[in-house]
Amino acid sequence: MPIYLIVVSCVLVHAGFAGAKVALPLHALQLGVDPFSVGVMMALLALCPMLIALYVGRLVDRLGPRVPMQFGSIGVAVALLVPFFFPGVIALIVMALAVGTAFQFFFVPTQGITGALGGPEHRARNYSLLAIGFSIASFLGPLIAGFSIDYLGYRQAYVMLAAPALAAVVLLWFKGGLLPKAAVTAGDKAQKTSSFDLLRIGRLRDAIVASGLISIAWDLYLFYFPIYGNSIGLSASVIGMVISTFALAVFAIRVALPSLARRWTEFEILLYAIGFAGLVFVLFPFLQNPFLLAAASFLLGLGCGVGQPMSMSLIYGLSPAGRASEGAGLRVTFNHFTHLVVPIAFGGIGTLFGFAPVFVSCSAILIGGSWYGHINERRSARRAS
C-alpha cells in the first residue's frame, strides 16, 4: 500500500536528517565553535527551507510527489557526505544549508499526500502512521549519530547517516509508481492566489500557530540539549541515548493518539500538549544525572509528540481542495521560521546568561501560548453557541 511506502521512506530519510541535528552541534563544538555560532549554524538548517516550502507545496500539487521525494532523498544523502569529503567548519555550514533544503523536497510531499490516501475515513490513521514513522526515525537518528561518533569518528558518522537515505532513493526508484498523482488540474492552476491567503481561514491559521509553538519546543530541545549535555560532561553516545528517549516517548504518544482523540478535539490536544511541554522544560537546568535527564526527555516527548500528526491532519482537512500540499508548505514555512529564530535567539541567551534562562524562557513562551489558545477556544465556542 502507498502509505507504507511513504512511512518506510520517511524512516530512512528522516533518520539521516535527525542524526545530522545531533552530529552537527557536537562536531562544531569539537572544532571549537562557540554556542552562539553553533546556533547560527543550526539555524541554517531552516533558512532555505523557510523560503522554498511554499514553492515545494505548489510543485507537489502540480507534479505529484514522486519526483520531489526522489530529489529530496538524493539531496539529503549527498549533503550528509559533504563533511566526510571536506572536513572543517565550512563543510558543516554547507551541509546545514544543503541537507535542510533537500529534506523539504521530501518532507512537504509526505504531509500533503498522506491525507488523500484511502479517503477521509482513513486520514487520521494515515497521519498517525506517518507520525509514527517520523518518531521511529527520530529514535534511530540520534543513536546512529551518537554511537558512530564515539566508536567511528565524526567523518564516518556522516557516512552512517547517509546510508539510510541512499536506501530510500533505491526504494522510491523501484516503488515510486505507487504514490498518488498530481492533485491540481490545468483548470485549477489559473484560480490560484497567494499561499498566504490561506491564513484568512481562521481555524487553519490557529492550527499553524499551534504547530509553530510545538516546533519551538522541539527545536530548542534538539538544538540545545546536545550543548547542555556536552557542558556537563556527557559523551556523544549518552547524549544520543537521552535524545532517543524523547523519540521513544513521541512514538508512544502517537500510538495512543486515537484514544486521546476520542476524548478531546484536535485543537484541545494540541493546546494541552503545548502547556505540558512548557512545564517540563523548567526541569532541565536542575538535572545532570543522565537517567533523570532521560526521564525529563521522555516527558517532553509526550508533549511534543502530538503536534505533528494533529496539525497535519487539521491543515489537510481545512485546506481548500487541490491545495493540501500548499497548506502543508505554509505550515512548514512558519515552522522553519521558528527553526531559524530559535537556535540564534536561544544560543545568544545561553552564551550571555547561561543555561537556565534558555529553558525557563522557552517554558514561559509555551505556557503563555497554551493559556492564550485556551482563551481563544472558549471565545470561539461562545460565538458558535
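Odds and ends about this structure:
- Here is the figure for the stretch 56-88: residues that are open to solvent by 10 Å² or more (accessible area, probe 1.4 Å) and not in a helix (DSSP H, G or I) total 3.
- Checking ILE243, ILE315, ILE253, ILE239 one by one, the residue that is over 30 Å from VAL33 (Cβ atoms), buried (at least 19 other Cβ atoms within 10 Å of the Cβ), at pLDDT 85 or above and of a type outside the set (S, T, N, Q) is ILE253 and no other.
Results for (1) closer than 16 Å to ILE274 by Cβ; (2) at pLDDT 70 or above; (3) open to solvent by less than 20 Å² (accessible area, probe 1.4 Å), shown as yes or no for each residue.
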residue: VAL332; (1), (2), (3): no, yes, yes
residue: GLY348; (1), (2), (3): no, yes, yes
residue: ALA356; (1), (2), (3): no, yes, no
residue: CYS362; (1), (2), (3): yes, yes, yes
residue: GLY368; (1), (2), (3): yes, yes, no
residue: ILE375; (1), (2), (3): yes, yes, no
residue: ALA381; (1), (2), (3): no, no, no
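- Filter result (at pLDDT below 90, assigned to a helix (DSSP H, G or I), open to solvent by 30 Å² or more (accessible area, probe 1.4 Å) and under 30 Å from PHE174 (Cβ atoms)) within the stretch 1-54: PRO2, TYR4, LYS21, CYS48, ILE52
- Residue in the stretch 204-213 that is outside any helix (DSSP H, G or I) and touching a residue at least 24 places away in the same chain (Cβ under 8 Å) present: no
- Qualifying position, being closer than 25 Å to LEU220 by Cα, part of a helix (DSSP H, G or I), open to solvent by less than 30 Å² (accessible area, probe 1.4 Å) and in contact (Cβ under 8 Å) with a residue 24 or more places away in the chain, among ALA102, ALA91: ALA102
- Exactly one residue out of PHE276, PHE286 is within 19 Å of SER363 (Cβ to Cβ) and more than 21 Å from the chain's Cα centre (by Cα): that is PHE286.
The values are calculated or read from the model by the stated rules, or taken from the named source; none is laboratory data. These figures come from a predicted structure and were not determined experimentally. As a convention, Cβ positions derive from the backbone with ideal geometry for all residues, glycine included, and neighbour counts pool all protein chains shown. For accessibility, only protein heavy atoms count, side chains too; no ligands or nucleic acids. Shrake-Rupley method; radii C 1.70, N 1.55, O 1.52, S 1.80 Å.
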